[in-house]
Amino acid sequence: MNPIARELNDTIKGTLLDRVLSDFGRKIFFPRGIVAQTTEATERAHRFNATVGMASREGRPIILPSLSRVIPDLSPDEAVSYAPTAGVPELRRIWRDEIRKKNPTVGDAAFSLPAVVPGLTSGLSLAADLFFDVGNTLILPDMFWGNYRLIADERHGTKIATFRFFSATGELDLDAFAETVRTATGSKLLLLLNFPNNPTGYSPNFSEAERIVTILTAEAEHRDIVVVLDDAYYGLFYERNTYTESLFAPLCRAHKNLLAIKVDGTTKEEFTWGFRIGFVTFGGASIDATGYDVLVKKLMGAIRSSVSNSSRIAQSLLIRLLTSAEHEAEKKHEFETLKTRYRKIKEILASRADHPRLHALPFNSGYFMSFRCDGISAEALRIALLDSGIGVISIDDVFIRIAFSGVDTERLPELFDEIFHHAEAL
């Protein structure tokens with residue numbers, strides 16, 4: 001093992017982090033090599049800086065005029081220079097403040113400075129690098145984004161155990177959740193929770209969120225728990241009784257044996273899908289500043305060894321966006337656009353509540369709603385709709401997912417009429 005990795009591991013010896021890191025997580029480190037030396041040179045090399053692999057002129061990165069003309073408000077440094085491995089410090093601080101603002105019950109609980117990663121998928125994969133091992137068990141709801149299987153099972157050999165997401169009465173089946181948590185094997189328990197959920201578009205209400213925290217806190221009395229929170233669709237809540245904070249807020253201070261990892265980003269929250277900017281933030285009741293420093297350094301090693309760093313221009317643009325005086329009003333306007341589509345679908349479904357073939361699953365947030373197909377093939381329905389020029393997603397030949405985020409409000413009745421028509425024809 002590299003001496004730097006050994007030094008980091010010695011720093012956290014005997015702690016929760018020592019027990020829950022994966023084999024890769026124990027081995028990885030951030031090298032004191034080119035990047036570290038370049039950082040030192042940036043601070044101290046006032047005569048010549050011959051460290052970084054960028055072309056410069058008079059101390060500024062070279063930028064082609066045809067590119068500079070389309071981004072006149074950004075300096076060459078903001079546009080084309082490399083970003084630090086963990087992200088531009090200003091953006092990391094802004095996002096930390098955003099987390100506290102959106103999650104007031106986190107109070108004064110400590111958590112790590114968010115690190116920038118190239119999108120939420122990368123953040124989830126990097127978290128898995130640090131904590132998932134062959135033979136571990138990862139608990140997921142039975143309604144989950146298929147990429148989780150690639151990340152956990154195919155990349156890391158981590159077994160997946162699912163619980164029934166919805167009870168017969170259309171609420172989160174937290175009895176099933178509790179039983180799956182209780183009976184999962186291993187001294188370390190891994191969970192991945194995604195709210196608003198993809199594919200269903202469901203988020204817990206206050207009592208459901210409270211019970212999730214209670215179940216996990218009780219289990220943490222008996223073993224170590226790592227909870228990864230995929231908050232990709234955070235903030236898109238359309239009903240008053242929905243729990244509107246991330247579960248990161250209560251879980252990051254819930255128990256000394258529990259580590260919460262918040263994976264979020266601007267992709268959906270800020271309508272910047274192609275920017276590919278996400279964040280990874282660690283929180284735990286027993287983790288001190290030294291522990292957070294070790295976690296971030298190991299995460300930086302994982303970033304450095306895979307993607308090197310995230311897009312500088314995207315981070316620069318996000319700093320401008322998030323500090324803009326118009327930002328909140330513009331974001332609220334587009335939230336209302338999505339909420340109006342949600343309300344229209346609820347209105348449409350109210351008139352089709354007893355449809356014999358399509359049963360709408362509960363939804364209250366995010367981009368999606370889903371139908372369970374009764375007596376027909378979801379894949380056959382998808383193909384029939386595709387032949388009519390309509391695209392939806394089929395899941396396990398039982399469910400179809402509809403991204404209402406991509407359909408204008410006035411066209412939703414036409415879309416759902418077609419879906420019901422083709423379901424009846426099968």
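Some values worked out for this structure:
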{"quantity": "Answer from 209, 249, 218 - the residue that is free of Cβ contacts under 8 Å to residues at least 40 places away in the same chain and either aromatic (Phe, Trp, Tyr) or not in a loop (DSSP other than H, G, I, E, B) (or both)", "calculated": "218"}
{"quantity": "Among the residues listed as 78, 58, the single one being over 30 Å from residue 190 (Cα atoms), out of contact with any Asp or Glu (no Cβ under 6 Å at 6 or more places or on another chain), buried (at least 18 other Cβ atoms within 10 Å of the Cβ) and of a type outside the set (A, V, I, L, M, F, W, C)", "calculated": "78"}
{"quantity": "Restricting the stretch 162-173 to residues that are in contact with a helix residue (DSSP H, G or I) (Cβ under 9 Å, 6 or more places away or on another chain) and buried (at least 18 other Cβ atoms within 10 Å of the Cβ), the residue that is farthest from residue 218 (Cα to Cα)", "calculated": "165"}
{"quantity": "Residue, farthest from residue 258 (Cα to Cα), within the stretch 14-65, restricted to residues that are part of a helix (DSSP H, G or I) and among the β-branched types (Val, Ile, Thr)", "calculated": "42"}
{"quantity": "Answer residue from the stretch 127-147, given it is part of a helix (DSSP H, G or I) and in contact with a strand residue (DSSP E or B) (Cβ under 6 Å, 6 or more places away or on another chain) and is farthest from residue 18 (Cα to Cα) among those", "calculated": "127"}
{"quantity": "Selection count where residues are charged (D, E, K, R) and closer than 22 Å to residue 32 by Cβ, scope the stretch 76-107", "calculated": "1"}
{"quantity": "Where residue 1 falls short, out of the listed (1) in a helix (DSSP H, G or I); (2) within 30 Å of residue 286 (Cα to Cα)", "calculated": "(1)"}
{"quantity": "Among (1) surrounded by 15 or more Cβ atoms within 10 Å (Cβ to Cβ); (2) of a type in the set (D, E, K, R); (3) touching a helix residue (DSSP H, G or I) at 6+ places or on another chain (Cβ under 8 Å); (4) closer than 24 Å to residue 252 by Cβ, the one test that residue 90 misses", "calculated": "(1)"}
{"quantity": "Test result for residue 71, in a loop (DSSP other than H, G, I, E, B), touching a residue at least 12 places away in the same chain (Cβ under 8 Å), of a type outside the set (Lys, Arg) and out of contact with any Cys (no Cβ under 7 Å at 6 or more places or on another chain)", "calculated": "yes"}
{"quantity": "The one condition in (1) of a type in the set (S, T, N, Q); (2) within 16 Å of the chain's Cα centre (by Cα); (3) modelled with pLDDT under 95 that residue 246 fails to fulfil", "calculated": "(3)"}
{"quantity": "Candidates 115, 128, filtered to the one that is in the same structural domain as residue 244 (by TED's automatic domain parsing), touching a His at 6+ places or on another chain (Cβ under 7 Å) and within 19 Å of residue 30 (Cβ to Cβ)", "calculated": "128"}
{"quantity": "Unique match (being within 20 Å of the chain's Cα centre (by Cα) and within 21 Å of residue 19 (Cα to Cα)) among 263, 226, 294", "calculated": "226"}
{"quantity": "Per-region count, the stretch 346-370, residues in a loop (DSSP other than H, G, I, E, B) and either over 19 Å from residue 168 (Cβ atoms) or not hydrophobic (A, V, I, L, M, F, W, C) (or both)", "calculated": "10"}
{"quantity": "Qualifying residue in the stretch 371-383 (condition: closer than 29 Å to residue 335 by Cβ and among the aliphatic types (A, V, I, L, M))", "calculated": "no"}
{"quantity": "Test: residue in the stretch 190-206 that is crowded, with 22+ Cβ neighbours inside 10 Å, among the hydroxyl-bearing types (Ser, Thr, Tyr) and touching a helix residue (DSSP H, G or I) at 6+ places or on another chain (Cβ under 6 Å)", "calculated": "no"}
{"quantity": "Subset of the stretch 152-193 that is in a loop (DSSP other than H, G, I, E, B) and of a type in the set (S, T, N, Q) - its residue that is nearest to the chain's Cα centre (by Cα)", "calculated": "158"}
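The values are calculated or read from the model by the stated rules, or taken from the named source; none is laboratory data. Treat the numbers as computed from the prediction; the structure is a model and nothing was measured. With ideal geometry, Cβ positions are generated from the backbone for all residues, glycine too; neighbour counts draw on all protein chains shown.
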